[in-house]
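> This structure is in structure tokens; I'll ask about it shortly.
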Amino acid sequence: MNEHVSLVVNGVPREVDVEPRRLLVQLIREDLDLTGTHIGCDTSQCGTCTVLIDNQPILSCLTLGVESEGAEIVTVEGLARNGALTPLQEAFRRHHALQCGFCTPGILMAADDLLSRGSAPTRSEIVDMLSGQLCRCTGYTPIVDAIAEVARA
Ligand code: FES
Ligand code: FES
């Protein structure tokens, strides 16, 4: 039997009926049609499903949709405002910090969280954060460069 879930996603109140076993990433992608959040592994290895729940980065493939009752969620679609990229997204573009782009939504959300913690993260803190984010294309250097540039600014 479905359960009713009320939540706020990217600033918009949403109501959905979900099966108790349904994953949050399925709720986001299939019920809310926000397909920017990707499923890369389903086994908590890749980080590409990362979203913010109540300002905390979580793996939406490890979270049940019903656990998001009353929560505020931000997905990658919620970063840009009125079509304007954030400084972090601009830095990714400038540094060529993405190739296929599959990992990018999760990395952006995790980096956004790191940058929002007050003090500017060091390069090694950025590398440490990226240990939970799998990218098969870039070799990571441009990703670290992009995040470090925003941290310096
Ligand atoms: S899909 Fe969630 S960690 Fe890979
Ligand atoms: S840009 Fe292709 S997996 Fe990261």
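> From the list Val8, Val12, which one is out of contact with any Cys (no Cβ under 8 Å at 6 or more places or on another chain), free of Cβ contacts under 8 Å to residues at least 40 places away in the same chain, more than 15 Å from Cys103 (Cα to Cα) and open to solvent by 30 Å² or more (accessible area, probe 1.4 Å)?
Values: Val8 fails: free of Cβ contacts under 8 Å to residues at least 40 places away in the same chain.
One residue alone meets the criteria, Val12.
> Of all residues being touching a residue at least 40 places away in the same chain (Cβ under 8 Å) and either among the polar types (S, T, N, Q) or away from ligand 1 (no atom under 14 Å from the Cβ) (or both) in the range 20-48, which is farthest from Ile107 (Cα to Cα)? Just the residue, please.
For the range 20-48, the residue satisfying everything is Pro20.
> Hey, can you tell me all the residues within the range 72-88 that are under 16 Å from Cys49 (Cβ atoms) and open to solvent by 70 Å² or more (accessible area, probe 1.4 Å)? Let's see the steps before the verdict.
Our first condition is that a residue be under 16 Å from Cys49 (Cβ atoms); within the range 72-88, this holds for 73-79.
The one that is under 16 Å from Cys49 (Cβ atoms) and open to solvent by 70 Å² or more (accessible area, probe 1.4 Å): Glu77.
> I've got another one for you. Looking only at the range 49-76, how many residues end up being in a strand (DSSP E or B) and in contact (Cβ under 8 Å) with a residue 40 or more places away in the chain? Before you say what the answer is, go through the steps one by one.
Residues of the range 49-76 in a strand (DSSP E or B): 50-53, 56-59, 64, 72-74.
Right, trim to in contact (Cβ under 8 Å) with a residue 40 or more places away in the chain and you get 50-52, 56-57, 64, 72-74.
Final tally of qualifying residues: 9.
> Within the range 132-146, restricting attention to residues that are surrounded by fewer than 20 Cβ atoms within 10 Å (Cβ to Cβ), closer than 20 Å to Pro121 by Cα and in contact (Cβ under 8 Å) with a residue 24 or more places away in the chain, which residue is nearest to ligand 2 (Cβ to nearest atom)?
Leu134
> Just the residues that are open to solvent by 40 Å² or more (accessible area, probe 1.4 Å) and out of contact with any Gly (no Cβ under 8 Å at 6 or more places or on another chain), please, taken from the range 58-71.
Start the filter on the range 58-71 by keeping residues that are open to solvent by 40 Å² or more (accessible area, probe 1.4 Å), which leaves 58-59, 62, 64, 67, 69-70.
Hits for the range 58-71 are Ile58, Leu62, Leu64, Glu67, Glu69, Gly70.
> I'm checking my understanding of the structure. Among residues of the range 81-97 that are of a type in the set (A, V, I, L, M) and closer than 26 Å to Val12 by Cβ, which one is farthest from the chain's Cα centre (by Cα)?
Of the range 81-97, the ones of a type in the set (A, V, I, L, M) are 84-85, 88, 91, 97.
Remaining after also requiring closer than 26 Å to Val12 by Cβ: 84-85, 88.
Values: Ala84: 18, Leu85: 15, Leu88: 13 Å.
Checking each candidate, the answer is Ala84.
> Next up: Quick check, is Leu108 open to solvent by 40 Å² or more (accessible area, probe 1.4 Å), within 16 Å of ligand 2 (Cβ to nearest atom) and closer than 28 Å to Glu30 by Cα?
no
> From the set of residues in the range 24-40 that are over 12 Å from the mean Cα position of the chain (by Cα) and open to solvent by 40 Å² or more (accessible area, probe 1.4 Å), which is farthest from Glu77 (Cα to Cα)?
Checked the range 24-40; the qualifying residue farthest from Glu77 (Cα to Cα) is Gly40.
The values are calculated or read from the model by the stated rules, or taken from the named source; none is laboratory data. Just so you know, these numbers come straight off a predicted model, no measurement behind them. Here Cβ is always computed from backbone atoms with ideal geometry, including for glycine, and neighbour counts include all displayed protein chains. Heavy atoms of the whole protein, side chains included, go into the accessibility calculation; ligands, DNA and RNA do not. Shrake-Rupley method; radii C 1.70, N 1.55, O 1.52, S 1.80 Å.
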